[in-house]
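A.B. asks: Mind having a look at this structure? Questions to follow.
The values are calculated or read from the model by the stated rules, or taken from the named source; none is laboratory data. Bear in mind that the values here come from a model prediction, so they are computed numbers and not experimental data. Positions of Cβ are generated from backbone atoms using ideal geometry, with glycine treated the same way; all protein chains shown enter the neighbour counts. Ligands, DNA and RNA are excluded from the accessible area calculation, which covers all protein heavy atoms including side chains. Shrake-Rupley method; radii C 1.70, N 1.55, O 1.52, S 1.80 Å.
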Amino acid sequence: MTRIAAVGDIHMGPDNEGTLRPAFETLPECADVLLLAGDLTRHGTAEEARVVAREIKDLAVPVVAVLGNHDHHNDNPELVTEILKDAGAHVLEGEATVVTHGGHRIGVAGTKGFGGGFVGRCAGEFGEPVMREFVRYSRHRADTLRAALEDLGQRECDVRIALTHFSPVPDTLAGEPLEIYPFLGSYLLAEAIDTAGADLAVHGHAHSGTEHGRTSGGVRVRNVAQPVIGGAFHVYRLPGRDGGPPSGDAAPSAGPVA
């Protein structure tokens, strides 16, 4: 059984430094990896990124992250990435990594993703150049996610996880205003996940959304935005390649999972 701890949208800054570290230090008792689903900072500044780095540095479990839209706001995501990598995190953008803990080989494919909407209510690659560029950008993020998951399929992994900031499905957006769904995710991410295969998809971004969802292909999706899960992280148990469906489990700071 592989134990996946995940949280997104922690929006760290100097005034809340240290608030997550005590919970993160309990991770070896309940999890084999920590996934960070973007929006780790408020404005993508180096100062804020260093706060995040201090929260995760020298944890006893591997840390894998993607950035979110807030982490891009200062137009320097490369610096945010560098700071987090220096703290030991694997920061992914259209890439895959395999981390090992407790004898488990955990494959994670990650991208920030982007918006565009969902089947029947989505943007098309037509019209003004800026609109076509919007859709091409979203499609490119999804294409790199698919390629990264396919790469994991060729490697020895006990589980494969798709880690994004934007949502791949509308299910986990329930509670958000319908008008902003196109800015919260894209069906292209779900297509990539279903095409390449995954045991679990994890995202953030939708603060007023819902935790549980599923792609049309049956992959379980979890919205781990901190305002949704109400704690420092949630833990999901995955049985591995030959086991049954994944189950939810509560971390000490996370509260119960339905």
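A.B. asks: Condition (residue is closer than 30 Å to ILE56 by Cβ, open to solvent by 50 Å² or more (accessible area, probe 1.4 Å) and modelled with pLDDT of 95 or more) applied to the stretch 103-113: is it met by at least one residue?
C.D. replies: Taking every residue of the stretch 103-113 in turn, at least one turns out to be closer than 30 Å to ILE56 by Cβ, open to solvent by 50 Å² or more (accessible area, probe 1.4 Å) and modelled with pLDDT of 95 or more.
A.B. asks: If you take just the strands (runs of 3 or more DSSP E) that sit entirely in the stretch 121-229, which of them hold at least 1 residues that are among the polar types (S, T, N, Q) and closer than 18 Å to ALA109 by Cα? Reasoning before the result, please.
C.D. replies: Details: elements: 159-164, 200-203, 212-214, 220-223.
The strands (runs of 3 or more DSSP E) meeting that bar are 159-164, 220-223.
A.B. asks: Restricting to the stretch 114-162, give me the number of residues that are aliphatic (A, V, I, L, M), farther than 24 Å from ALA225 by Cα and modelled with pLDDT of 90 or more.
C.D. replies: Residues that pass the stated criteria total 3.
A.B. asks: In the set ALA46, ALA5, ALA23, ALA65, which member is open to solvent by less than 10 Å² (accessible area, probe 1.4 Å) and more than 15 Å from VAL91 (Cα to Cα)?
C.D. replies: Every option except ALA5 fails the conditions.
A.B. asks: Going by the conditions given, is GLU82 open to solvent by 70 Å² or more (accessible area, probe 1.4 Å) and either under 18 Å from the mean Cα position of the chain (by Cα) or modelled with pLDDT of 95 or more (or both)?
C.D. replies: yes
A.B. asks: Going by the structure shown, is HIS165 open to solvent by 30 Å² or more (accessible area, probe 1.4 Å), modelled with pLDDT of 95 or more and under 29 Å from GLU55 (Cβ atoms)?
C.D. replies: On the way: open to solvent by 30 Å² or more (accessible area, probe 1.4 Å): no; modelled with pLDDT of 95 or more: yes; under 29 Å from GLU55 (Cβ atoms): yes.
Taking the combined requirement at face value, the residue does not satisfy it.
A.B. asks: What are the residues in the stretch 204-214 that are in contact with a helix residue (DSSP H, G or I) (Cβ under 7 Å, 6 or more places away or on another chain) and crowded, with 22+ Cβ neighbours inside 10 Å, if any?
C.D. replies: Hits for the stretch 204-214 are ALA206, GLY209, GLY213.
A.B. asks: Give the number of residues within the stretch 215-240 that are touching a His at 6+ places or on another chain (Cβ under 6 Å) and open to solvent by 30 Å² or more (accessible area, probe 1.4 Å).
C.D. replies: 1
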